[in-house]
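**Q** The structure that follows is given in the form of structure tokens.
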Amino acid sequence: MNPAPSTNGLAPANLVVIGASTGGTRVVTYLLDRLPPLRAAVVIVQHMPKFINLSFARTLARHARSEVRLVQDGDPLQDGAFYLAPSDIHCTVVANRRLRLSPGPDVNYVCPSIDVTMQSLQSPASGQRIIGILLTGMGRDGANGLAYIRKLGGVTIAQNEASCAVYGMPAEAVKLGCVDFELPPDAIVTMLAARLAR
């Protein structure tokens, strides 16, 4: 987990935001274990207790083929890197270029909130793709964020019911009518690789 090099103020070619809760650590690890290096910066918001932040980041780093870092305030987004939002603080994307950590009240009873991260994105630059992914989890965090990404013209993916430990968050997004694709984890890997692989 080395510091990400400077992006010289340039936005990454593409942005992916992955949100997960109950059962998500296993699915996120599965995705990173199988994804090739991507032409995208990937931000992961996983609801988890603070004491496992570092160990989970290290687990992901062992499985990923690209850099994994636990987000620090002001981190620039870099193509090919994975950024894990820490617990108990909200993580937002500033100008689609860097990450900001900000204390604040729980949103949807959680902090960090997937909605807060996804709803901080801006309209993509010409040729830039934004993809929002909502994985297994309890509650409804991330549903409004996925709807927001769709309004920006991004692609939205929800984990399908059969593969979820808890189909709460993806189901809420489906109810909003904002999901482009309902997929199991292996198909999510295939789609990301087809669209974003280097």
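**Q** Within segment 57-82, can you find the residues that are closer than 18 Å to Ala193 by Cα and in a strand (DSSP E or B)?
**A** Within segment 57-82, Val68, Phe82 meet the criteria.
**Q** Please specify each residue of segment 11-48 satisfying the condition of being in contact with an Asp or Glu (Cβ under 7 Å, 6 or more places away or on another chain), surrounded by fewer than 24 Cβ atoms within 10 Å (Cβ to Cβ) and either modelled with pLDDT under 95 or within 25 Å of Cys111 (Cβ to Cβ) (or both).
**A** Once the filter is applied, which keeps residues that are in contact with an Asp or Glu (Cβ under 7 Å, 6 or more places away or on another chain), surrounded by fewer than 24 Cβ atoms within 10 Å (Cβ to Cβ) and either modelled with pLDDT under 95 or within 25 Å of Cys111 (Cβ to Cβ) (or both), segment 11-48 yields Pro12, Ala13.
**Q** For the condition modelled with pLDDT of 95 or more, among the charged types (D, E, K, R) and closer than 25 Å to Leu70 by Cα, what is the one hit in Arg140, Arg150?
**A** The conditions single out Arg140.
**Q** Restrict the check to segment 98-106 and report whether at least one residue is part of a loop (DSSP other than H, G, I, E, B), out of contact with any helix residue (DSSP H, G or I) (no Cβ under 8 Å at 6 or more places or on another chain) and of a type in the set (D, E, K, R).
**A** Yes, segment 98-106 contains at least one residue that is part of a loop (DSSP other than H, G, I, E, B), out of contact with any helix residue (DSSP H, G or I) (no Cβ under 8 Å at 6 or more places or on another chain) and of a type in the set (D, E, K, R).
**Q** Same structure, new question: So Asp88 passes all but one of these: (1) assigned to a loop (DSSP other than H, G, I, E, B); (2) out of contact with any Ser or Thr (no Cβ under 8 Å at 6 or more places or on another chain); (3) under 16 Å from Leu121 (Cα atoms). Which condition number does it fail?
**A** Evaluating Asp88 over (1) assigned to a loop (DSSP other than H, G, I, E, B); (2) out of contact with any Ser or Thr (no Cβ under 8 Å at 6 or more places or on another chain); (3) under 16 Å from Leu121 (Cα atoms) leaves (3) as the failure.
**Q** Tell me yes or no: at least one residue of segment 117-127 is part of a helix (DSSP H, G or I), within 12 Å of the chain's Cα centre (by Cα) and touching a residue at least 12 places away in the same chain (Cβ under 8 Å).
**A** Yes, the conditions are met somewhere in segment 117-127.
The values are calculated or read from the model by the stated rules, or taken from the named source; none is laboratory data. Here the structure is a predicted model, which is why all the values come from computation and not from measurement. Don't worry about glycine lacking a Cβ; one is built from the backbone with ideal geometry, like all the others, and counts go over all protein chains shown.
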